Amino acid sequence: MNFRKVWVVTKSLLLSQLRATSVGKSSFRSLIRRPSILAILDVVVMVAAGGLSYLAARAIAGTTYSSAFQPLIQNVVVILPAIILGIILLMGLVLEVSSGAQFASSDTVNWLPVTASEYVTASALSLLLYYSVIPIAALSATFSFSIVFGLGPAWLLAAILSLFSVVVATSVLEILRAILNRFSSSFYKRGGKAAIVLRIVSGILVLVIFQSLFYPTVYEHFLGVITPNFGPTWFVPILWSSVSVTSLIAGNGSTAVLFALLTVALAAVLFSVAIFARSKYWVPMQPTITISSAAYSPKSTFASVILNQAELAIAKKDVRGLLRRREMIRLLAMPFVFLAISFLSPGSGGFSFTSYFGFFIVALSTLFIAISGIGAEGRSIINLYQAPLKTRDFVIGKSTTPIIFGSIFAAAIYLLVAIFSRSQPFQTGIFFLAAIGIALEMAFLGTLIGLRFPNFSESPRSQFISQSGSLIAVPVAAIVGGISLSPLLVTTIFNFASSYRVVGFGASVAIILVASFLSFKFAESQATKLLSQLPI
Amino acid sequence: MSYTTPSPLNEIAVTVERISKSYGTVWALNGVNTSVKRGEIRGLLGANGSGKSTLMKILLGLVKPDNGRVTVLGYDPAFQPILVRQNVGYVPETPRLYDFLTGVEYLDFVADLHGIPAETKKQRINEYLSAFELQSQANDLLSGYSLGMRQKIAISASLIHRPEVLILDEALNGLDPKTAKIVKDTLVKLASSGVTVIFSTHVLEIAQAICQRITILNKGAIVAEGTMSELQVLASSGTTDQSLEDIFLSLTGTSDVRAIVEELTTR
């Protein structure tokens, strides 16, 4: 490995990151987005965080609260490497998922004489430097407390392991980047069902992990299980460093060394995998041009019995958009994120809770797909304007995709509930049917809101819905959905007799149908207004 | 590409009466009057911002005029947009295709919006893919298409429902010479079978070669309209070998090109 070359690439990547995020911004921002300013910021943060924490630690040490603070500081030092790893991973994922311009210089690197290991090292270093303020702030702030409260050796171990955590985080990001590089070449230029499925699954996983890491109760959950006898945490590699520090504090030196070595090994393995992934998926990949000699032959589908040709065309196009567009993955990931959070949150109550929470998941996921449906057209909406399209076909076509996905989410959630919970099959059955109804209601309501507040802008990023639309959508949906479900929920929660529950279900269905019909009618009138003149 | 329309020639296909349209304080169109016969190829010429695209959008009912009236095949696009769009094909200046669809999926989508039966749809899509030599890329996502390939798909989509009026806004942009020739010949053939073609271009040689009549717009108003020989007279040159470029520059008041070039190249 040529370290001079590594440093040159590191500087280039760092500059591209700093400058890419300052494009179009004020000249002041451009001025401060420089590596030298970054270094000064690191020093300032180190001094400030270290100094302030020293003053705070001295002040606390002299009070009666000192003993109460001891376990808190200990927990922070224990979790420090995992927190630094989580934050850097999270920030990197935000950067990677939402933007392509940031790493534009990596394209140039492809035809320069730089090896995969040099590139991965440089890229990891550039990420470390870009986010250096995070570990510096965390380590400086905890240093003084650790010294004052007699946790010096534990802090030192945590600091060393934090460095390896940074290597773990940047290696994971490199692996993701290498894979995403291949994905973006193959997914966005070519079709292919396997590639699309893989991208959806990986995209959803990335977002679920990202959101879970961001969710504070997840750490709270893990903190609860990190004890001196470390329980089941050795299953979680990112917590090995924490187990090591905990063991050191508990005086278990051999375990501390074992888990410290495991953390180092994890970093080394992931770094090697990152180099392998980079060399394996080194762009530009060889083109996968499909020479298709087969003549086009349309297929008839069952859906054509329910929808007319124009409605089906819009629905098919929207489903493809939802599955193929990178920016739509977040909508598909939404129910999975809610499910993950509901299970990771302490005291969620597992699947019996999910049977009720399922309504919320189905309603919100369907609503967001529906409100995005109009604005997601962007400037391509001219295709619909120039077609001989009736407003009724437009509204039904646009509402079909959220209904389909809402129903799939409902089926998946209540299938899980039926398998894993102890709730009665009868109750699960009517909850599932009510959830389908909620999907229908939210699809029409969301389409109405999307038609009233569309945002067709495509840059700097797609918005889909105006700010006012996004602000009113959830409260309105909560009121409508709440009113619709109240007869069913009241009769279920208060354990009414089965016959009353059926009546409650019937009442909910009736309200859902009325609300859906009204939303559809209002949406039709809104669509007439929208389609009367090209908005962009 | 077989194409026949039963409509008799010499009928008026498009009428534009005192059309005005403003965007804020800027008049995109100001009292424009014209008419286009069935089977005619009408060229719309004008500098950027002269109102060509706005006029085309008004013809399709995409933009409502502030004043005046338009009819396309007897229908008013402002009040009967669906009837107009059933019979009109349109290629916008910058085709906005759905990048997440493949070429064939996009054509299928447009054909479905026009309610074309499955068998006819299949036959026409294969026909256009073959004519524009797009079969091998038909199943690739549109995001991977070059400008010219996207233009070919947009032109195919505009023809797929066999429109009686074709409105093309800079449709030859980005096409390679062979495809440009195919499109030009297609337009001539379509016009001879009764299809009305209205198209804007900045390539004056193309307009000169295929347009029966030319309308020159300047700052939202028609400054000249007629056949090539009528325009030569209008330009008061007195000579018959004057090119459309000279006429255009003379009529739009941009004939001081030489002076501008002189100024730009002065050291």
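The values are calculated or read from the model by the stated rules, or taken from the named source; none is laboratory data. In this text, all values refer to a predicted model and were calculated from it rather than measured experimentally. Because the Cβ atoms are built from the backbone with ideal geometry, glycine has one as well, and the counts that use them run over all protein chains shown.
Are any residues in the range B:111-159 among the acidic types (Asp, Glu) and either in the same structural domain as B:ALA171 (by TED's automatic domain parsing) or buried (at least 18 other Cβ atoms within 10 Å of the Cβ) (or both), and if so, which ones? Within the range B:111-159, B:ASP112, B:ASP140 meet the criteria.
For the range B:157-175: of the residues being small (Gly, Ala, Ser) and not in a loop (DSSP other than H, G, I, E, B), which is farthest from B:LEU97 (Cα to Cα)?
Here is the first cut: in the range B:157-175, the ones small (Gly, Ala, Ser) are B:157-158, B:171, B:174.
From what's left, not in a loop (DSSP other than H, G, I, E, B): B:157-158.
On the way: B:ALA157: 10, B:SER158: 12 Å.
This residue is B:SER158.
(1) surrounded by fewer than 23 Cβ atoms within 10 Å (Cβ to Cβ); (2) in contact with a Leu (Cβ under 7 Å, 6 or more places away or on another chain): which one isn't true of A:LEU139, the others all being true? The single condition A:LEU139 does not satisfy is (2). Can you tell me how many residues in the range B:176-209 are among the β-branched types (Val, Ile, Thr) and assigned to a helix (DSSP H, G or I)? Residues that pass the stated criteria total 6. For the range A:380-406, a residue qualifies if it is within 10 Å of another protein chain (Cβ to nearest Cβ) and in contact with a Phe, Trp or Tyr (Cβ under 8 Å, 6 or more places away or on another chain), and the qualifying residues are A:SER380, A:ILE381, A:ASN383, A:LEU384, A:GLN386. Considering the range A:419-536, the qualifying helices (runs of 4 or more DSSP H), each wholly inside and each with 1 or more residues that are surrounded by 21 or more Cβ atoms within 10 Å (Cβ to Cβ) and within 30 Å of the chain's Cα centre (by Cα), run over A:425-452, A:467-493.
Step by step: first the residues of the range B:62-76, then only those that are in a loop (DSSP other than H, G, I, E, B) and within 17 Å of the chain's Cα centre (by Cα), then the one that is nearest to B:ARG18 (Cα to Cα). Which residue is that? Spell out how you get there, then give the answer.
Residues of the range B:62-76 in a loop (DSSP other than H, G, I, E, B): B:62-66, B:73-74, B:76.
Still in the running and within 17 Å of the chain's Cα centre (by Cα): B:62-63, B:73.
Numbers: B:LEU62: 18, B:VAL63: 15, B:LEU73: 18 Å.
The extreme case among them is B:VAL63.
Applying the criterion of being at the interface with chain A (Cβ under 8 Å from one of its Cβ atoms) and assigned to a helix (DSSP H, G or I) to the residues of the range B:112-126, the residue that is farthest from B:ILE155 (Cα to Cα) is B:ALA118.
Across the range A:493-523, what is the number of residues that are under 30 Å from A:ARG379 (Cα atoms) and either modelled with pLDDT under 95 or among the polar types (S, T, N, Q) (or both)?
Within the range A:493-523, the first condition is being under 30 Å from A:ARG379 (Cα atoms), and the residues that meet it are A:516-523.
Among the residues that remain, those that are also either modelled with pLDDT under 95 or among the polar types (S, T, N, Q) (or both) are: A:516, A:519.
Qualifying residue count, the range A:493-523: 2.
Candidates B:SER136, B:SER146, B:SER158: the one that is of a type in the set (S, T, N, Q), at the interface with chain A (Cβ under 10 Å from one of its Cβ atoms) and over 20 Å from A:GLN386 (Cβ atoms) is B:SER136.
Given the condition aliphatic (A, V, I, L, M), more than 10 Å from chain A (Cβ to nearest Cβ) and outside any helix (DSSP H, G or I), answer yes or no: does some residue in the range B:87-102 qualify?
As a first pass, look at the range B:87-102 and keep what is aliphatic (A, V, I, L, M): B:88, B:91, B:97, B:101.
With more than 10 Å from chain A (Cβ to nearest Cβ) added as a condition, the list becomes none.
No: the range B:87-102 contains no residue that is aliphatic (A, V, I, L, M), more than 10 Å from chain A (Cβ to nearest Cβ) and outside any helix (DSSP H, G or I).
Scan the range A:390-397 and give yes if some residue there is surrounded by 24 or more Cβ atoms within 10 Å (Cβ to Cβ), over 18 Å from A:ARG452 (Cα atoms) and of a type in the set (A, V, I, L, M), otherwise no.
First pass over the range A:390-397, keeping only residues surrounded by 24 or more Cβ atoms within 10 Å (Cβ to Cβ): A:394-397.
Of the ones still in play, those that are also over 18 Å from A:ARG452 (Cα atoms) are none.
The answer is no; no qualifying residue exists.
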